[in-house]
Amino acid sequence: MYRLFQKLRRNPGRYEELRSLLPKGAQKWNRKYVQESDDFQYYIHSNAELDNSPFAIDPKDWPPPRGHHPDRLVPFIKYLMFFFNFIFFTLGSGLLCIGFWGLADKQSLVGEQISNLGTDPMLVFVLVGLVVCVLSFSGCVGFIRENICLLKFFFAGITTLLVAQCVLALVVLCFHKQIQDSMKGTMLVAMKRYQDDSDLKFILDEIQLGMECCGAQSYQDWTSNLYFNCSSPGVNSCGVPYSCCIDPLQNGTVPNSLCGFGALGMSEAMAASLIYLGGCIPQLVLWINRRIWDIATGYLMVTATELVCIVCAQRVMSEIRMVKSFN
C-alpha cells in the first residue's frame, strides 16, 4: 500500500487511471482527503465495497510513513567534534615530531643502539603521538565529510581506549603492590643507564628534583651505576647526581655536579646534610595518596570526554544511515 502512495505522490494524474480499473460498483464511492503535506493528499475510501479491493487501506497502515526529519543538532555536533579533534591532531603531531627527533638525534634506530629502544623514553612520545594522530584525523575527516567508515574507526578506537582505561584503573587498584615493585625495577634499570642516555638522565633529574628524592628506594641504589659506584676510578666515584642534593645549584644558577661527592661513603647522618636519603618510589606513593581526589577527578573528566565522543559519533552515524535509507 505504501508503494501505491509513493506512486501517487510522484504522479498525481495516475489516480484517475487507477480509478478506472476499479469494478463498476466501486466507482460510485465517496471520498474525502486529508492534507498531510504540502505536495501530496492522502485519499480515504469510505465505501465498504472497497474493503476487498487491492486498493483498500488497512487501518494499521494509516497514516503511511512520512519523510525523514533531519536532526538539527547534527551540524553543531559535526563542527564541534571537528574542532575538538583538530586540536588533538595538532598536539599528537607535536608529540610525534618530538619523538622522531629524539630518536634521530640519538641514533636510537641505528646499529647497537636499537637494542635499547624498548627503554628509550622517546618511543613513548612516538607511540602516544601516533595513536592520537590516527584517531583524531579519522574523527576530523569522518565528522566533517560524514564518512561512515572513518566514523566507525573513530568510534571503535575511542571505545577501545575507554575499555583499556577502565581495565588499567582496575589493575592499578587490585595490584598496586606489584606495580610499585615493577616501577622500582624500571627505575633501577634507568639509573644504570643514567650516563648513557641523555633523555633518561633528564627525566631522572627532573623526578628527583621535583619530588626531592634520591634513587628508587633509597640513595644507596646509585651504587648500581658503574660511574657512581665506590669501585669506580672516575671523579663521580661514591657520589650521586646533583639532582639528589638539597642545594643542587651553584650560586643559585648553575647545577653543581659535585654537590653529592662522596655521599655514598658517608654515614646517613652526614649524608643527610648534603642529599635526600629517601627514594622516589615511596615519595611517589605519598604524592598519589595526597592527591587521590584530584587524580580521580581528572580520570572522570577524561572518561566523560571519551563518552561524549562515542555518543556524538553514534548519533552522526545514525543520521547518515537514516538519510541513506530514504534516498
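According to the square roots a ≥ b ≥ c of the eigenvalues of the Cα gyration tensor, what is the shape class of region 216-290, taking rounded for a/c under 1.5, prolate for a/b larger than b/c otherwise, and oblate for the remainder?
oblate
Taking 0.36 nm per residue of sequence separation and subtracting the Cα-Cα distance, how much length would be gained by fully extending the chain between S93 and L188, in nm to one decimal?
31.1 nm
Taking H as built 1.01 Å from N, whose amide H comes closer than 5 Å to the amide H of L249, not counting residues under 5 places away?
It is N256, by chain and number.
If packing is taken as the mean number of other Cβ atoms within 10 Å per residue, what is the order of 236-244, 208-216, 168-176, highest first?
Highest-to-lowest ranking by the protection proxy: 236-244, 208-216, 168-176.
Report in % the part of the accessible area of region 153-221 that belongs to carbon and sulfur, leaving out ligands and nucleic acids; probe 1.4 Å.
69
With r defined as the distance between the Cβ atoms of N289 and L127 and R0 fixed at 41 Å, what FRET efficiency is calculated, to the nearest 0.05?
0.90
Determine, from the Cβ-Cβ distance of F86 and C174 and an R0 of 35 Å, the FRET efficiency 1/(1 + (r/R0)^6), rounded to the nearest 0.05.
0.40
So, in Å, what gap is there between the alpha-carbon centers of region 250-327 and region 164-210?
About 11 Å separates the Cα centre of region 250-327 from the one of region 164-210.
Starting from the amide H of G278, placed 1.01 Å from N in the peptide plane, find each other amide H under 5 Å away whose residue is 5 or more places distant or on another chain.
C214
The values are calculated or read from the model by the stated rules, or taken from the named source; none is laboratory data. None of the values given here were measured: they were computed from a predicted structure. All Cβ positions, even for glycine, are placed from backbone atoms using ideal geometry, and neighbour counts span all protein chains on display. Only protein heavy atoms, including side chains, enter the accessible area calculation; ligands, DNA and RNA are left aside. Shrake-Rupley method; radii C 1.70, N 1.55, O 1.52, S 1.80 Å.
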